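The values are calculated or read from the model by the stated rules, or taken from the named source; none is laboratory data. Note that the coordinates shown come from a computational prediction; the quantities given were computed from them, not determined experimentally. Note that we place each Cβ from the backbone using ideal geometry, even for glycine, and neighbour counts take in every protein chain shown. Note: accessible area is taken over every heavy atom of the protein model, side chains too, but ligands, DNA and RNA are not part of it. Shrake-Rupley method; radii C 1.70, N 1.55, O 1.52, S 1.80 Å.
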Amino acid sequence: MIPVAFDYQKVKTVEEAITVLSKGDSKILAGGHSLLPAMKLRLSQPARLVDIAGIAALKGIKEEDGEIVIGAAVTHADIAGNKLIKYHVPFFAEAAEMIGDLQVRNFGTIGGSLAHADPAADWPALVLASDAAIEIQDGNGKRRIKASVFFKGLFATALQDNEIITAIRIPVPAEGTKTSYQKFAQPASRFAIVGCAVMRSADGKTNIAFTGLSENAFRDSKAENAVSGKPLNDDTIAAAANAAVNDVSVLEDHFASEAYRRHLAKVYLKKALKAVS
Ligand SMILES: Cc1cc2nc3c(=O)[nH]c(=O)nc-3n(C[C@H](O)[C@H](O)[C@H](O)COP(=O)(O)OP(=O)(O)OC[C@H]3O[C@@H](n4cnc5c(N)ncnc54)[C@H](O)[C@@H]3O)c2cc1C
């Protein structure tokens, strides 16, 4: 499979990337692990690729103003090995370890994954469960979109043309917060057939997000209500599993039927809740 001919431009700054994007018919190239396969299948045919992998401002993970800030061009492998991530939001490191294979983890970026919004991608569940914001820049400056309103459907986000994701900003969790990411992976690609991310603070407030189940990742408020502020035990965990994914339109494909995916969601939610109890 060969993509249609395209121009390629490597940029050094976010501003330069935005200028090139404003010429139109251009796509950002980050790790290339979702875009290039789509171009080879001719599902995507941009006239120009803007390579952002060399932009230093999009790299690095730091703590700033009460937030963990992950640059959009940070790779999955860098997240997996980062000490700040392991200390404050360890489920980001757990999830990163589970993505694809070594090559995918070394090239694929968190910003690229969020922009692509594959229904089976892992990061959407993590940014939802951690109440993160997606930082975005265009010619008019920067803005933030809460993860809760970022994902709009199958491969669809709130990102506008000519906008670039610059960072993911995660509020530093209070001391004593526990997290877990549990995934039933497609055996070849490792994409999530079902992924469940849970963040539970010491006072019992519990955030629960799923990926892989429907057109886009989502928070499950009914499951959250079943355990938030309550002790985690067999009864409350079973109540959360019973409440989970009941009102959701669940996808099916040749890997997993709708009923099997729904069942897996409840099983993987139980695993995640047990892990944070
Ligand atoms: C074999 C294989 C296995 C995989 N397994 C998994 C898995 O288990 N779990 C999982 O979650 N993912 C998996 N992936 C996907 C992988 O994580 C991709 O790397 C990721 O989804 C896209 O990131 P990227 O940096 O490669 O983006 P690219 O492919 O370069 O870009 C993807 C899209 O995002 C846009 N984009 C990129 N960066 C930005 C930005 N900063 N701002 C705005 N738009 C941007 C591009 O224009 C393009 O439309 C797998 C991929 C492969 C090939």
**Study point:** Karplus-derived 3J(HN,Hα), 6.51/-1.76/1.60, for each residue of the range 130-138, Hz, glycine and proline x
**Key:** 9, 6, 6, 10, 9, 8, 10, 10, 9
Check your understanding: What Rg and what Dmax come out for the chain when only alpha-carbon atoms are used, in angstroms?
Key -> 18.6, 59
Review point. When the accessible area of the chain is computed with all protein chains present and a 1.4 Å probe, what percentage of it is carbon and sulfur?
Key: 52
Exercise for review: Using a Gaussian network model of the chain whose springs link C-alpha atoms within less than 10 Å, name the residue from 13, 177, 166 with the highest mean-square fluctuation.
Suggested key: 13
Check your understanding: Say each of residue 203 and residue 222 gets a label point 7 Å from the Cα, pointing the same way as Cα to Cβ; how far apart are those two points in nm?
Key -> 2.7
Practice item. Quote the FRET efficiency, to the nearest 0.05, computed for residue 175 versus residue 4 with a Förster distance R0 of 41 Å and r equal to the Cβ-Cβ distance. Key: 0.20
Check your understanding: Okay, helix-only estimate at 222 nm for the chain: each DSSP H run of n ≥ 4 adds -39500 (n - 2.57), divide by all residues, round to 500 deg cm²/dmol; what do you get?
Key -> -8500 deg cm²/dmol
Practice item. Pick out which of 51, 203, 122 has the largest mean-square fluctuation in a Gaussian network model of the chain, springs linking Cα atoms closer than 10 Å. Key: 203
Practice item. Would you list, by chain and number, the aspartates and glutamates whose Cα falls below 13 Å from the Cα of residue 270, excluding same-chain residues fewer than 8 positions away? Key: 224, 234, 235
Exercise for review: Please calculate the 1.4 Å probe accessible area of residue 99, with all protein chains present, and give it to the nearest 10 Å².
Suggested key: 20
Review point. Most fluctuating residue of 95, 217, 185 in a GNM of the chain with Cα springs under 10 Å: which is it?
Key: 185
Exercise for review: Determine the dipole magnitude for the range 57-171: charges of +1 sit on the beta-carbon of Lys and Arg, -1 on that of Asp and Glu, nothing else is charged, the reference point is the Cα centre, and the result goes in debye to the nearest 20.
Suggested key: 140
Point to revise | Set 62/178; 59/142; 59/183; 10/59 screened for pairs whose C-alpha atoms are more than 25 Å apart | key: 59/183
